[in-house]
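All of the numbers you see were taken from the coordinates with simple rules; none came from a lab. If you're wondering where the values come from, they're calculated on a predicted model, not measured in any experiment. Cβ placement follows ideal geometry from the backbone for every residue including glycine, while neighbour counts extend to all protein chains displayed.
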Amino acid sequence: MKEDLDAFAPATAQKNINLDTLSNVYVPVPPLVEQVEIVARIEKVMDWLAVVHEEVEQATHLLDHLDQANLAKAFRGELVPQDPNDEPASVLLERIRAARDAQPKPIRRRRARSTTAVERD
């Protein structure tokens with residue numbers, strides 16, 4: 001079709017085709033019944049896309065809250081089955097504190113003061 005239209009355009013710097021020339025060009029068009037069916041199918045797909053778009057919007061909104069909900073469940077111990085024989089976290093933390101307190105404190109030494117160029121003079 002492009003070659004047919006190029007034949008109508010004058011050979012100048014920019015090809016132009018006027019409306020009179022275009023009105024004589026044959027453009028195949030499906031029968032009216034088929035056009036109506038095409039439009040109906042396109043509208044059906046557009047409606048479906050609108051529903052999908054809305055569902056994506058809702059899912060995106062829910063995802064924003066999912067991380068917070070998972071963290072909250074983790075802190076409540078609801079993500080995995082709990083072993084009733086496990087000690088509570090408060091007892092574990094107290095045992096860790098006691099073990100730290102029982103260790104000897106590291107000796108901190110003062111760093112030697114470096115001399116600056118002004119002090120050396």
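Would you mind counting up the charge near Ala89? Only other residues with Cβ under 12 Å from its Cβ, with Lys and Arg at +1 and Asp and Glu at -1. The partial results should precede the final answer.
Values: positive: Arg76, Arg95; negative: Asp86, Glu87, Glu94.
Value of the local net charge: -1.
Can you tell me the 0 to 90 degree angle between the C-alpha axis of helix 89-102 and the longest principal axis of the chain, rounded to 10?
The answer is roughly 50 degrees.
If you fit an axis through the alpha-carbon atoms of helix 32-76 and take the longest principal axis of the Cα set of the chain, what angle between them do you get, 0 to 90°, nearest 10?
0 degrees
From the alpha carbon gyration tensor of the chain, can you work out the equivalent ellipsoid semi-axes (sqrt of 5 times each eigenvalue) and give them in Å, largest to smallest? Write out the running numbers ahead of the final one.
Numbers: eigenvalues 1236, 296, 19 Å².
Equivalent ellipsoid of the chain: 79, 38, 10 Å, largest first.
His65: net charge of surrounding residues, Cβ under 15 Å, Lys/Arg +1, Asp/Glu -1, itself excluded?
Summing Lys and Arg as +1 and Asp and Glu as -1 gives -2.
What FRET efficiency do you get for Met1 and Trp48 if R0 is 25 Å and r is their Cβ-Cβ distance, rounded to the nearest 0.05?
Calculated value: 0.20.
Can you list which of the trypsin sites (Lys or Arg not before Pro) found in the stretch 1-92 are DSSP loop residues with at most 16 other C-beta atoms within 10 Å? Display every interim value, and only then the final one.
Details: sites: Lys2, Lys15, Arg41, Lys44, Lys73, Arg76; in loops: Lys15.
Counting only loop positions with at most 16 other Cβ atoms within 10 Å, the trypsin sites (Lys or Arg not before Pro) in the stretch 1-92 are Lys15.
First select every other residue whose beta carbon is under 15 angstrom from the beta carbon of Leu79; then total the charges, Lys and Arg +1, Asp and Glu -1.
The answer is -2.
For Arg95 paired with Ala112, estimate the spin-label separation in nm (one decimal), with each label point 7 Å from Cα along the Cα-to-Cβ line.
Label-label distance for Arg95 and Ala112, simple model: 4.6 nm.
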